[in-house]
Amino acid sequence: MRLRTLNDPDYLPALDERFALRQPGQGLPDPLGHPPRILLLYGSLRERSYSRLAVEEAARLLRYFGAETRIFDPSDLPLPDQVPGDDHPVVRELRELALWSEGQVWCSPERHGQITGVMKTQIDHLPLSMGAVRPTQGRTLAVMQVSGGSQSFNAVNTLRLLGRWMRMFTIPNQSSVPKAYQEFDEAGRMRPSPLYDRIADVMEELVRFTVLLRPHAETLVDRYSERREAAGAKADPVTDKAAVSQAS
């Protein structure tokens, strides 16, 4: 699997543990019981990628909050339609990870006022459906961005739109890190700041929403139109005539 290894997964120097909850989902109904499964995606292949560094901080916090995390490495991912039928081992691994997940974190740099091609490529490789299986539908989603300049929300706004399109439950909170080059030390760890605190807030909220929604995901996204399609139901001439009459 093309997964990033998380260095110092339990070392959280910027977190004030006096105010951190080890199990933020505790007390919520949780018939599944296992740790929330969170897939994290980032949008830059630079050696010092701030979106990757932000995702790694998010993963450490999620582990602290009781979640199981996997960070996908997109460095070998082909472009959509580059390989016939997208039949490529890295694409298959990404889709398997999406199916494994119960929630996801997407973090993109803002480039030319938008998300990067690397970020969009990963999302484009996640189809709405693979036969009877839907790799994103009903999962929770947290969105983040990093910027080289001043505060902006262009990337997170686009990620929210994409999350809605992928039929995911995007949580209310989000993180935007301006001038990201100032927020990480030489070792790639995020310095204590309100920006780090916001990432902690977002991950804490993601755990809660994931625990709350995952037992009901199939029910919440059960759709009339898809049930008809799955049953192979044909159009009703009477209903169709009425619809045409109303439209005219």
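The values are calculated or read from the model by the stated rules, or taken from the named source; none is laboratory data. Remember, it's a predicted structure, so these values are computed and weren't measured experimentally. So basically every Cβ, Gly included, is an ideal-geometry build from the backbone, and we count neighbours across all protein chains shown. In case anyone asks, the SASA skips ligands and DNA or RNA and just uses the protein heavy atoms, side chains included. Shrake-Rupley method; radii C 1.70, N 1.55, O 1.52, S 1.80 Å.
For region 7-61, which chymotrypsin sites (Phe, Trp or Tyr not before Pro) are both in a DSSP coil and crowded by at most 13 other Cβ atoms within 10 Å?
Y11, F19
Among V90, A54, I71, whose Cα sits farthest toward the positive end of the charge dipole of region 44-97 (+1 at Cβ of Lys/Arg, -1 at Cβ of Asp/Glu, about the Cα centre)?
A54
Taking 8 Å as the Cα distance limit and 6 or more residues as the minimum spacing, I'd like the relative contact order of region 33-115 as a percentage.
Normalised by residue count, the contact order of region 33-115 is 47 percent.
Leaving out ligands, DNA and RNA, and with a 1.4 Å probe, what % of the accessible surface on the chain is carbon or sulfur?
Here carbon and sulfur together make up 50 percent of the probe-accessible area.
Ordering E68, E96 by how much accessible area each has at a 1.4 Å probe, largest first, what is the list?
The residues order as E96, E68, largest area first.
For the chain, which longest stretch is free of loop sites, where a loop site is one of the trypsin sites (Lys or Arg not before Pro) that DSSP puts outside H, G, I, E and B and that has at most 14 other Cβ atoms within 10 Å?
49-178
Specify which labelled value, from [x] 47; [y] 30; [z] 36, agrees with percent of Cα pairs over 28 Å apart derived from the coordinates of the model shown.
[z]
What accessible area per residue, rounded to a whole number of Å², is obtained for the chain using a probe radius of 1.4 Å?
The answer is 52 Å² per residue.
Scan region 113-205 for GluC sites (Glu not before Pro) in coil per DSSP, keeping those whose Cβ has at most 11 other Cβ atoms within 10 Å, and list them by number.
E186
Using DSSP to call loops (not H, G, I, E or B), can you name the chymotrypsin sites (Phe, Trp or Tyr not before Pro) in region 69-145 whose Cβ has at most 13 other Cβ atoms within 10 angstrom?
Passing sites in region 69-145 do not exist.
Which value, in debye to the nearest 20, gives the size of the charge dipole of the chain about its Cα centre, when Lys and Arg are +1 and Asp and Glu are -1 at the Cβ?
400
Add +1 for every Lys or Arg and -1 for every Asp or Glu among the other residues with Cβ under 10 Å from the Cβ of D86, and state the total.
-1
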